[in-house]
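Worksheet: one structure, shown below.
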Amino acid sequence: GKSVKVEDLGSLRLNIVYTEDHVFPSEHYTPLRDLLLDSANVEPVSASAAHTLGEVCREKQEAAIPLVRLFLHYGKIVPFISAIAHAEINRTQDPNTIFRGNSLTSKCIDETMKLAGMHYLQVTLKPIIDEICTEHKSCEIDPVKLKESENLETNRENLRLYVDRIFNVITTSGVRCPTVMCDIFFSLRESAATRFQVDQDVRYTAVSSFIFLRFFAPAILSPNLFHLRPHHPDPATSRTLTLISKTIQTLGSLAKSKSANFKESYMAAFYDYFNEQKYADAVKNFLDLISTSGKWDQKSIETPIMLKEGFMIKRAQGRNRFGMKNFKKRWFRLTNHEFTYHKTKGEGALCSIPIENILAVERLEEESFKMKNMFQVIQPERALYIQANNCVEARDWIDILTKVSQCNRKRLSTYHPSAYLNGHWLCCKLSADSAPGCTPCTGGLPANIQLDVDGDRETERIYSLFSTYMTKLIKMQEACGSKSVYDGPEQEEYSSFVIDDPQETYKTLKQIISAVQTLEQQHTKYKRDKFKKTKIGSQEHPIGDKSFQCYIHQQSESSTYSI
């Protein structure tokens, strides 16, 4: 074949970043780590060590990555994000601009969703994204970009079907949303609703601005960046995903307003397909579910939200003898506080089960009553046996009941898959109605994904950032001093810092600088010891290695300086 000249091959530009961290034994990081992990308890939170890191870093993302990993590792991410989000919401004047900027709060929530929500994203979106990328259906709806061989109406229908399917998989995925994300969304919703009490929809926009705008929409737009696809899609598929992402993003904001203001007229015309109340209702129900806290101690302050309701058949509780008269059709209603049933819709509750009393929700074997689609809601004293209308509905009820009760302190590890009838359990034949379960509980939902995080390495990264921005820390100290003694207009050089309490902030800065200087001494000692042990001409450091000679020169300078 024809030979190709080297100059015709083109060029490739790589941007490679190499970061070397020298991580010491854990005890060396205790002062700085404890200072960071206590951030949620500092009043005001703007005076905390973690918030201060966000203030001095050039990019908020720089601070957010190690902070989120550290707080997730130690199980303190929810109180930290709740504290900084609450402070940001209280500084926001207009509910329409809530979380619009790239603040430390926004970046920390983004990073948390990326880490804790990756499995959730895979389970929810990957199958349909794979299908879109392999089918290559034409979905261009811009008349200007339409090819001669394409039909506009066919393309619109292709796109509509894709959007509908993705919308459905998202809005029915609430039960799989990781607990840590739900707890954060609960905190955002409560803080926003308290701050803007006149705006009834702010509790939805506070959550949708993250889950739709910064989680699902970007993942649809660039599936390769979220590990949904191995490579960037081809141009035609990428265009399809862009149109889907735009529509899903706007559908997600339906909770706030039904009017969609698209710049492009063809998008506005296409969006008319979805301008129905059922889409707004689906979004609101989804947002309600994922912003319901699983923590038992939050229920007392949480606003009651209706999560699911409908007719099902229940068996009378406490009955041992079998008989069809024991089965009654009832209207069931689930909120984030209680599970109730009523004679019919709109009437008072015949029975109320507090969420904290639900110990497990499991399927009931068909042999118990010779009835399909049955499940049981297990309480401390007895189990409530329920028959759903079909298998899909039974699965939905089991999932959502499990979701709202999964953090209950006394959840069971075992259960009886069959009923207790005629003086014994049908499954294990034990006669005591209080006998421990004979089968492990399924749990119904996947456990939260455990992250492989090295807490010491993340603290070392944070130390490096504080060390890099030491001049800003000192300037921030000066700003605290200036604010404490001068009550006039803020000086311009200090205006970039958020300082709500100068004295408390100064105290934290002093502790940060002290912890950083102590670690710096440890690093200097390590470098000096390493320099002493270095053998020039060895395999690790051969003679003539320019990078090594540069390293020796740097170490000599640092050793001379430290001495």
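Read-outs throughout are calculated quantities, based only on the coordinates presented, and are distinct from any laboratory measurement. Everything numeric here is computed off the predicted structure, so don't read it as measured data. Here Cβ is always computed from backbone atoms with ideal geometry, including for glycine, and neighbour counts include all displayed protein chains.
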So what's the back-of-envelope 222 nm ellipticity for the chain, counting only DSSP H runs of four-plus at -39500 (n - 2.57) apiece and dividing by all residues, rounded to 500?
-> -15000 deg cm²/dmol
Whole-number D in µm² s⁻¹ for the chain, Kirkwood Cα-pair radius fed into Stokes-Einstein, 10 °C, 1.306 mPa s = 57 µm²/s
Taking a crude spin-label model, label points 7 Å out from Cα along the C-beta direction, the residue 135 to residue 438 distance in nm is 4.7 nm
Efficiency of FRET between residue 100 and residue 526 - r from beta-carbon atoms, R0 41 angstrom, step 0.05 = 0.40
Could you pull out the pairs from 472/530; 137/263; 145/246; 308/343 whose alpha carbons sit more than 20 Å apart here?
-> 472/530; 137/263
Mind putting together the pair-distance distribution for the stretch 118-290? All Cα pairs, 5 Å bins, whole percent per bin, short to long.
-> 1, 8, 17, 20, 19, 15, 10, 5, 2, 1, 0, 0
Separation between the residue 119 and residue 142 pseudo-spin-labels, each 7 Å from Cα along Cα→Cβ, expressed in nm?
-> 4.0 nm
By how many nm would the segment from residue 19 to residue 484 lengthen if fully extended, with 0.36 nm per residue of separation less the alpha-carbon distance?
-> 163.5 nm
Any idea what the relative contact order of the stretch 118-290 is, in percent, if you count C-alpha pairs under 8 Å spaced at least 6 apart?
-> 30 percent
To the nearest 0.05, the calculated FRET efficiency linking residue 513 and residue 91 through their beta-carbon distance, R0 being 25 Å, is 0.40
